[in-house]
1. Please count how many residues of the range B:41-69 are hydroxyl-bearing (Ser, Thr, Tyr), within 11 Å of another protein chain (Cβ to nearest Cβ), outside any loop (DSSP other than H, G, I, E, B) and more than 16 Å from B:Val29 (Cα to Cα).
2. Those residues that are farther than 17 Å from A:Gly103 by Cβ and part of a strand (DSSP E or B), I need them from the range A:11-26; list them, please.
3. Inside the range A:35-45, can you point out the residues that are more than 10 Å from every other protein chain (Cβ to nearest Cβ) and at pLDDT 95 or above?
4. Are any of the residues in the range B:57-80 more than 22 Å from A:Ala42 (Cα to Cα) and in contact with a Cys (Cβ under 9 Å, 6 or more places away or on another chain)?
5. Within the range B:56-67, restricting attention to residues that are in contact with a Phe, Trp or Tyr (Cβ under 8 Å, 6 or more places away or on another chain) and surrounded by 16 or more Cβ atoms within 10 Å (Cβ to Cβ), which residue is nearest to B:Thr103 (Cα to Cα)?
6. Of these, B:Val95, B:Val29, which one is assigned to a strand (DSSP E or B), touching a strand residue (DSSP E or B) at 6+ places or on another chain (Cβ under 9 Å), surrounded by 13 or more Cβ atoms within 10 Å (Cβ to Cβ) and modelled with pLDDT under 95?
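The values are calculated or read from the model by the stated rules, or taken from the named source; none is laboratory data. Quick caveat, the model's predicted, so the values are computed rather than measured. For neighbour counting, all protein chains shown are included, and Cβ atoms are generated from backbone atoms with ideal geometry for every residue, glycine included.
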Amino acid sequence: GQNIDQPTEMTATEGAIVQINCTYQTSGFNGLFWYQQHAGEAPTFLSYNVLDGLEEKGRFSSFLSRSKGYSYLLLKELQMKDSASYLCAVKTGGGNKLTFGTGTQLKVEL
Amino acid sequence: SAVISQKPSRDICQRGTSLTIQCQVDSQVTMMFWYRQQPGQSLTLIATANQGSEATYESGFVIDKFPISRPNLTFSTLTVSNMSPEDSSIYLCSVEKGTGQETQYFGPGTRLLVL
């Protein structure tokens with residue numbers, strides 16, 4: 001089966017850096033995605049990793065280690081608007097199916 | 001990316017009735033997906049809808065309960081049939097776009113409450 005684990009909740013301070021981890025055990029791997037979802041809204045795409053290493057995009061970076069089944073999302077210079085749920089999703093199988101983790105609820109405080 | 005709209009945005013329905021949710025994309029896409037997100041939960045894939053073929057359903061979801069249509073490359077519908085309160089959820093459609101880095105983009109969702 002597919003298993004994707006993330007911490008349920010995290011709290012961080014405005015201006016700080018936070019790292020959200022994701023570990024996965026899946027049958028097949030075609031890439032790992034991070035999405036941001038604000039309450040009551042649809043998920044929005046943040047990043048995509050298919051090769052090992054770090055992908056940087058502004059204040060957001062995502063890292064992947066396929067051998068360890070591990071990824072993290074790094075958020076720098078945190079802002080209050082970054083308070084949201086962050087979803088890790090793995091693409092598996094020939095049908096491009098996405099399997100989502102349970103999501104990490106991030107709260108940014110003053 | 002893709003601009004995706006869903007109708008209705010929300011609805012309150014009675015037990016035993018059916019609701020059809022529409023998903024419209026601003027460009028042609030091969031693959032469309034339907035997800036369910038129950039309160040406080042993450043997203044669960046219901047089915048994959050490709051134009052010109054039967055939808056592919058995930059374990060735990062069946063065509064009689066969630067019939068799907070995909071008449072063309074920009075439109076799909078999901079029907080939630082014979083509803084019960086357990087079907088209260090957010091239903092989201094998504095599409096896959098990109099060249100070499102296919103990414104799924106999500107519609108705004110349909111909030112369904114079944115009484």
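1. 2
2. A:Thr13, A:Gln25
3. If the condition is that a residue be more than 10 Å from every other protein chain (Cβ to nearest Cβ) and at pLDDT 95 or above, then A:Gln36 is the only one that fits.
4. Checking the range B:57-80: not a single residue is more than 22 Å from A:Ala42 (Cα to Cα) and in contact with a Cys (Cβ under 9 Å, 6 or more places away or on another chain).
5. B:Tyr57
6. B:Val95
Results for (1) closer than 28 Å to B:Arg10 by Cβ; (2) touching a residue at least 24 places away in the same chain (Cβ under 8 Å), shown as yes or no for each residue.
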{"site": "A:Gln2", "(1), (2)": "no, yes"}
{"site": "A:Gln19", "(1), (2)": "no, yes"}
{"site": "A:Gly31", "(1), (2)": "no, yes"}
{"site": "A:Ser47", "(1), (2)": "no, yes"}
{"site": "A:Gly53", "(1), (2)": "no, no"}
{"site": "A:Gly58", "(1), (2)": "no, no"}
{"site": "A:Lys97", "(1), (2)": "yes, no"}
